[in-house]
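Trainee: I'd like to ask some things about the structure below.
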Amino acid sequence: MSLKTIKILAITGSTRTNSSNYKILKYISEHFKSYFEVEIFEGLTDIPHFNPDLDTENPPKEVESFRKKIQNADGVLICTPEYVFSLPGSLKNALEWCVSTTIFSNKKTGLITASASGEMGHEQLLLIMKTLEAKFDDNTQLLIQGIRGKIDADGKIINQETEKVLQNFINYFANQFL
């Protein structure tokens with residue numbers, strides 16, 4: 001099977017334009033084209049607040065579109081910062097819309113938390129994705145601390161160790177599809 005046909009939906013937890021997390025996903029999509037076709041999801045701010053009353057019968061069209069993108073992808077990459085020792089509310093909100101579904105069940109998933117510290121946000125991301133039954137392991141989850149000093153304004157990884165761990169992370173993630 002050619003890795004070129006593997007479709008990855010990449011979700012950034014930051015809503016900031018050109019955030020470090022967006023730059024990492026852009027870096028992955030550009031530097032690992034031989035592995036994946038990456039679509040970076042840019043509709044996080046369009047997803048309405050989670051409301052269980054709307055979830056089962058007639059979810060909002062933005063939620064249906066988001067779920068369909070996840071369902072149609074071979075795998076999902078999430079790269080998020082930590083805000084106030086937690087996940088950004090917009091990312092958690094989007095993931096809450098997936099709880100009543102099985103779209104993440106056994107979905108090959110790569111998880112990156114890139115932030116100043118990120119430890120608590122990363123723990124929460126792992127717990128939520130485990131609850132959603134996403135398929136990931138120690139090799140397909142990564143915490144990058146001090147991200148702002150490791151990536152430049154153009155999205156170039158300027159820290160060799162970070163570039164190395166990202167390469168290893170992507171290699172492990174890609175090997176799940178073989």
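Trainee: Once amide H atoms are placed 1.01 Å from N in the peptide plane, what residues at a sequence separation of 5 or more from ILE40, or on another chain, have their amide H within under 5 Å of its amide H?
Mentor: Correct list: ALA10.
Trainee: Additional query: Do the sum for the chain: with -39,500 (n - 2.57) for every DSSP H run of n ≥ 4, divided by all residues, what is the mean residue ellipticity at 222 nm, to the nearest 500 deg cm²/dmol?
Mentor: Numbers: 6 runs with 65 residues, N = 178.
My calculation for the chain gives -11000 deg cm²/dmol from helical runs alone.
Trainee: Right, something else. As an exercise, identify the GluC sites (Glu not before Pro) in region 86-139 lying in DSSP coil whose Cβ has no more than 16 other Cβ atoms within 10 Å.
Mentor: GLU133
Trainee: Here's something else I'd like to know. Counting only DSSP beta bridges with both residues in region 1-81, tell me the antiparallel percent, nearest 5.
Mentor: 0
Trainee: Roughly how many whole Å is it from the C-alpha centroid of region 12-38 to that of region 80-137?
Mentor: Spelled out, the Cα-based centre of one part sits 17 Å from the other.
Trainee: Search the structure for amide H atoms under 5 Å from the amide H of ILE144, placed 1.01 Å from N in the peptide plane, and list their residues when 5 or more places away or on another chain.
Mentor: Residues meeting the criterion, in which the H sits 1.01 Å from N, are THR113, ALA114, SER115.
Trainee: Is region 1-105 best put as rounded, prolate or oblate by its Cα gyration tensor, with a ≥ b ≥ c the root eigenvalues, rounded for a/c under 1.5, and otherwise prolate when a/b is larger than b/c, oblate when not?
Mentor: Working: a/c = 2.36, a/b = 1.31, b/c = 1.81.
Verdict is oblate for region 1-105.
Trainee: Rounded if a/c is under 1.5, else prolate if a/b is larger than b/c, else oblate: which is region 106-151, with a ≥ b ≥ c the root eigenvalues of its Cα gyration tensor?
Mentor: Working: a/c = 3.34, a/b = 1.93, b/c = 1.73.
Verdict is prolate for region 106-151.
Trainee: Going down the table (LYS23/LYS156; LYS7/LYS164; LYS23/LYS108; LYS26/LYS164), which pairs top 18 Å between alpha carbons?
Mentor: LYS7/LYS164; LYS23/LYS108
Trainee: Keeping all protein chains in place and using 1.4 angstrom, which order do VAL99, VAL84, VAL165 fall into by accessible surface area, from largest down? Numbers along the way, then the final one.
Mentor: Details: VAL99 95, VAL84 135, VAL165 45 Å².
So the residues, ranked largest to smallest area, are VAL84, VAL99, VAL165.
Trainee: Rounded to the nearest 10 Å², what accessible area does LEU178 show when all protein chains are kept and the probe is 1.4 Å?
Mentor: Only protein atoms counted, so the area is about 140 Å².
Trainee: Please report the accessible area of SER20 (heavy atoms, 1.4 Å probe, ligands and nucleic acids excluded) in Å², nearest 10.
Mentor: Probe radius 1.4 Å; accessible area of SER20 about 20 Å².
Trainee: DSSP loop (so not H, G, I, E, B), at most 13 other Cβ within 10 Å: list which trypsin sites (Lys or Arg not before Pro) in region 92-167 pass both filters.
Mentor: Sparse-neighbourhood loop trypsin sites (Lys or Arg not before Pro): LYS156.
Trainee: Can you sort ASP53, ASP46, ASP137 by solvent-accessible area, 1.4 Å probe, largest first?
Mentor: Sorted descending by solvent-accessible area, the residues read ASP53, ASP46, ASP137.
The values are calculated or read from the model by the stated rules, or taken from the named source; none is laboratory data. In this text, all values refer to a predicted model and were calculated from it rather than measured experimentally. With ideal geometry, Cβ positions are generated from the backbone for all residues, glycine too; neighbour counts draw on all protein chains shown. Areas reflect the complete protein model, heavy atoms only, side chains present, ligands, DNA and RNA absent. Shrake-Rupley method; radii C 1.70, N 1.55, O 1.52, S 1.80 Å.
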